[in-house]
Amino acid sequence: MAKTYNDYPVSATNNAKKALAWKEKYGDEVKGGTIVGWTRARQLANRQGLSYETIARMAAFARHRSNSAIDPQYKSEPWKDRGYVAWLIWGGTSGVNWAIKKAESIRKERKMATQEFSIAQRPEDKDMIDGIVDLLLRIKDLDNRKEIALVQIEDLRSQGIPFDEDAFLKAVGVL
């Protein structure tokens, strides 16, 4: 059985609980989040152990950090801000920051033998991109992996995150 971790901050649990309470109280008015995100919120709210793969997904959610603040137009009804709700169900800032550090710690613990690629062009993007690479490497079907990698490249580009696309594709084994 894979090792799990539940040492994430209580504030990450509280962020998830807040969004779940909104979902219960306001129902269909709460439109933010995906099925996977709401599953994550329940895990965090219940203080369940999270696998390395789940933690890496949380770390990769850092690309949505721009949603960490409520859009001013939803100030009086924050549950209507889709991006903010999605941010909370993944643990909010404290949860995502914990996941970034925890994923790195787990990688060091496991002493994973990985090739060193210079993908991230800014140090602050390294953990997020490493997390995305780790997730993609778990996809066995190379065509599917390449398709998802190309979607990730578009997402990183749209976020304005500078990175070496060729090194990224090499790191995930599709170039």
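Table for the structure above
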| read-out | value |
| --- | --- |
| Relative contact order, percent, the range 114-175 [alpha-carbon distance under 8 Å, six or more residues apart] | 50 |
| FRET E, pair Q121, D7, Förster distance 25 Å, beta-carbon r, rounded to 0.05 | 0.20 |
| Label-point separation, V36 to A21 (7 Å along Cα→Cβ), nm | 2.8 |
| Between helix 92-110 and the chain: long-axis angle, C-alpha atoms, 0 to 90°, nearest 10 | 30 |
| Other-chain or far-sequence residues with amide H under 5 Å of L50's (modelled H) | Y5, N6 |
| The range 1-89 - Rg and Dmax from Cα coordinates, angstrom | 13.1, 46 |
| Extreme residue, positive dipole direction of the chain, given options V85, A103, N46 (C-beta unit charges) | N46 |
| Given charges at beta-carbon only (K, R positive; D, E negative), |dipole| of the chain in Debye | 680 |
| Size-normalised alpha-carbon gyration radius of the range 114-175, reference 2.2 N^0.38 Å | 1.01 |
| Length added when fully stretched, E104-Q73, from 0.36 nm per residue minus Cα-Cα | 7.5 nm |
| Gain in span if fully extended, D141 to D166, counting 0.36 nm per residue against the direct Cα distance | 7.0 nm |
| Convex hull volume of the chain per residue (C-alpha atoms, cubic angstrom) | 126 |
| The chain: calculated mean residue ellipticity at 222 nm from DSSP helix runs of at least 4, using -39500 (n - 2.57) | -18000 deg cm²/dmol |
| For the range 143-157, Karplus couplings with θ = phi - 60° (6.51, -1.76, 1.60), whole Hz, Gly/Pro x | 5, 5, 4, 5, 4, 5, 4, 5, 5, 5, 4, 4, 5, 4, 4 |
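No value in this document is a laboratory result; all are computed from the given coordinates. Computed from a predicted model, the values in this text were never measured in an experiment. Cβ atoms come from the backbone with ideal geometry, glycine included; neighbour counts cover every protein chain shown.
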